[in-house]
Amino acid sequence: MSKTSHSNTLIGWREWVSLPDLGVDWLKAKIDTGARTSSLHAFGIREFERDGENWVRFWVKPWQHSQDDAIEVECPVHDRRAVRSSSGHAQTRFVVELLIRLYDREVLAEVTLSNRDEMGFRMLIGREALRQGYVVDPARSFVGGKAPRDARRRNRGKDTPAGSETA
């Protein structure tokens, strides 16, 4: 994970990202240089064993104000870490490795799983991922481009697919 790229891609303090291995095309993320590892909103987190290895099963809700399109995910457990939140509360979290598409590149990142329901963003991108060739301009947003209009509206809880309900 300590691989450093000398290509410096400029990004803003918030960006649209995708998690290609999970089938998540659009997810609004906060770029957080104060956090070492990245963090993803996950719920229904359950550990299990597969072929003698520890795995974790969880659900991801890509839309901030909606229950729609929840995705069930299974990943090998990479680690468990004590993480201190911005409020000072320490919690042990599962860590998985995920491919993150940020701006025009994909990076492999360690990602902690946590309940971010009360937070403004479903994902935080931390320093370890950013160290792979990103420079943050805190005065800018969505330097990598905005998600399509329908994705942005769905993130705000509008224009849900036919037959589904917003929570």
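Here are Trp26, Trp16, Trp63: which of them is surrounded by 12 or more Cβ atoms within 10 Å (Cβ to Cβ), at negative phi and part of a loop (DSSP other than H, G, I, E, B)?
Trp63
Taking Arg57, is it within 23 Å of Ala129 (Cα to Cα), surrounded by fewer than 16 Cβ atoms within 10 Å (Cβ to Cβ) and either within 12 Å of the chain's Cα centre (by Cα) or modelled with pLDDT of 90 or more (or both)?
Spelling it out, Arg57 is indeed within 23 Å of Ala129 (Cα to Cα), surrounded by fewer than 16 Cβ atoms within 10 Å (Cβ to Cβ) and either within 12 Å of the chain's Cα centre (by Cα) or modelled with pLDDT of 90 or more (or both).
In the stretch 71-93, which residues are of a type in the set (A, V, I, L, M, F, W, C) and more than 17 Å from Leu22 (Cα to Cα)?
Once the filter is applied, which keeps residues that are of a type in the set (A, V, I, L, M, F, W, C) and more than 17 Å from Leu22 (Cα to Cα), the stretch 71-93 yields Ala82, Val83, Ala90.
Out of Ile45, Ile71, Ile31, Ile100, I need the residue that is open to solvent by 30 Å² or more (accessible area, probe 1.4 Å) and within 26 Å of Pro148 (Cβ to Cβ). Which one?
Ile71
Take the residues in the stretch 74-93 that are modelled with pLDDT of 90 or more and in a loop (DSSP other than H, G, I, E, B); name whichever of them is most open to solvent (accessible area, probe 1.4 Å).
Checking each candidate, the answer is His78.
Considering (1) over 21 Å from Tyr134 (Cβ atoms); (2) open to solvent by less than 80 Å² (accessible area, probe 1.4 Å), say which one Thr37 fails and leave the rest.
So the condition that Thr37 fails would be (1).
Do we have Ala70 as closer than 20 Å to Arg156 by Cα, without any contact (Cβ under 8 Å) to a residue 40 or more places away in the chain and not β-branched (Val, Ile, Thr) here?
Yes: the conditions hold for Ala70.
Can we say Asp32 is without any contact (Cβ under 8 Å) to a residue 40 or more places away in the chain, of a type in the set (D, E, K, R) and under 20 Å from Leu108 (Cβ atoms)?
So Asp32 does not fit the description; no.
Contact list please: Cβ distance under 8 Å, first residue in the stretch 145-158 and in a loop (DSSP other than H, G, I, E, B), second residue β-branched (Val, Ile, Thr), pairs at least six apart or on different chains.
So the pair list comes out as Gly157/Thr166.
Which of the residues that make up the stretch 110-144 are in contact with a Gly (Cβ under 8 Å, 6 or more places away or on another chain) and part of a strand (DSSP E or B)?
Val136, Asp137, listed by residue number.
The values are calculated or read from the model by the stated rules, or taken from the named source; none is laboratory data. Being a predicted model, the structure only gives us computed values, none of them experimental. Heads up, the Cβs are rebuilt from the backbone with ideal geometry, glycines too, and the neighbour counts pull from every protein chain shown. Please note that ligands, DNA and RNA were not included when accessible areas were found on the heavy atoms of the full protein model with its side chains. Shrake-Rupley method; radii C 1.70, N 1.55, O 1.52, S 1.80 Å.
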